[in-house]
Amino acid sequence: MGLSIVDFNYLRSLVRTHTSIVIDDGKEYLAEARLSALLRKEGFGSVPELLQNLRVKSFSPLHRRVLDAMTNNETWFFRDLAPFEALRQKVIPEMIVTRRLSRRLNIWSAACSSGQEAYSTLILLHEHFPEIASWDVRVLGTDYSQAMIERVKAGRYSQFEVNRGLPIGALAKHFVQHGLEWEISPRFRNLVDCRLLNLAEPWPEFGEPDIVMLRNVLIYFDVETKADILARVHQRMRPDGYLFLGGAETTMGLSDAFERVPFDKTAYYRPKGASHGCQ
């Protein structure tokens, strides 16, 4: 049974109410594809049957699992590569200078999904910047999905996932194979603080990030929500920090608090008037 307009609109409303994510018209096929695995697991025969079950209940763990399934968790190691080259060639060398007194570096991987972005960043630091091995380096990984947060904490990835973007040398040095999965070294897992966070809702207190990785997530929100998230990022991050967005994302028309800094095949953003003094 296909998804009716009524069912699709109910699902869109549920997702938007609880996550602020906008599902466009004509994406019924996407909804059915994302919920297919959940149907089998929960014992429902069709998406309409599942949605009817949700309608007659107050918000429940099943609602949460549906919302998790509808969240796009697409990611891979060193995704898009160019932002990581900007980190390696420009951003981290500058941070080594500006943070040489505090010897502290805080990175926020917002919408971290299953953790490849956070771990890619730590691998990059380890491979290319041994001089900060004694620094206090922390990565905050946040995501709406509890299932994704648990995956980040476990640090385990399938063969397909480690084949996707992870250099073979890094796999050999920093992962241990367990059956059909590869587990990242505790050295890196212990540096990642994983927390549930809905970007569209009020945020708890956490340390000021020096680098914010907010990549490939704003595209799922409406204009008002995008602007609100960027405003709060600006308030939270260090005044001389760095913001990375996805290749199809921009602050243009949403926030005048950032300046875009082109770098090779990518760009990053800095708070306007960012100081470059040592700290």
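The values are calculated or read from the model by the stated rules, or taken from the named source; none is laboratory data. Predicted model only: the values in this text are computed from it and were never measured. Positions of Cβ are generated from backbone atoms using ideal geometry, with glycine treated the same way; all protein chains shown enter the neighbour counts.
C194 passes all but one of (1) part of a loop (DSSP other than H, G, I, E, B); (2) closer than 19 Å to A111 by Cα; which number fails?
Condition not satisfied by C194: (1).
For segment 193-210, name all the residues that are under 13 Å from the mean Cα position of the chain (by Cα) and either in the same structural domain as T17 (by TED's automatic domain parsing) or closer than 17 Å to F244 by Cβ (or both).
L199
Are there any helices (runs of 4 or more DSSP H) wholly within segment 83-171 with 3 or more residues that are assigned by TED's automatic domain parsing to the domain that holds L197 and charged (D, E, K, R), and if so which? Spell out how you get there, then give the answer.
On the way: elements: 92-98, 116-128, 146-154, 159-163.
Where helices (runs of 4 or more DSSP H) fall fully within segment 83-171 and carry at least 3 residues being assigned by TED's automatic domain parsing to the domain that holds L197 and charged (D, E, K, R), they are 146-154.
Does segment 48-75 hold any residues that are of a type outside the set (D, E) and farther than 30 Å from E117 by Cβ, and which are they?
Pass one, segment 48-75, residues of a type outside the set (D, E): 48, 50-67, 69-73, 75.
Result: P48, L50, L51, Q52, N53, L54, R55, V56, K57, S58, S60.
Considering segment 9-45 alone, what residues qualify as being in contact (Cβ under 8 Å) with a residue 24 or more places away in the chain and β-branched (V, I, T)? Steps first, answer last, please.
Step one: of segment 9-45, the residues in contact (Cβ under 8 Å) with a residue 24 or more places away in the chain are 10-11, 14-15, 18-23, 28, 31-32, 34-35, 37-38.
Scanning segment 9-45 gives V15, T19, I21, V22, I23.
How many residues, within segment 6-21, are within 22 Å of D143 (Cβ to Cβ) and surrounded by 14 or more Cβ atoms within 10 Å (Cβ to Cβ)?
Selection size over segment 6-21: 9.
State whether one or more residues within segment 9-17 are out of contact with any Lys or Arg (no Cβ under 7 Å at 6 or more places or on another chain) and in a loop (DSSP other than H, G, I, E, B).
Within segment 9-17, not a single residue is out of contact with any Lys or Arg (no Cβ under 7 Å at 6 or more places or on another chain) and in a loop (DSSP other than H, G, I, E, B).
Just checking, which of G247, G253 is closer than 15 Å to M213 by Cβ and either part of a loop (DSSP other than H, G, I, E, B) or among the hydroxyl-bearing types (S, T, Y) (or both)? If you could, list the steps in order and put the result at the bottom.
Details: G253 fails: closer than 15 Å to M213 by Cβ.
None of the others qualify; the one that does is G247.
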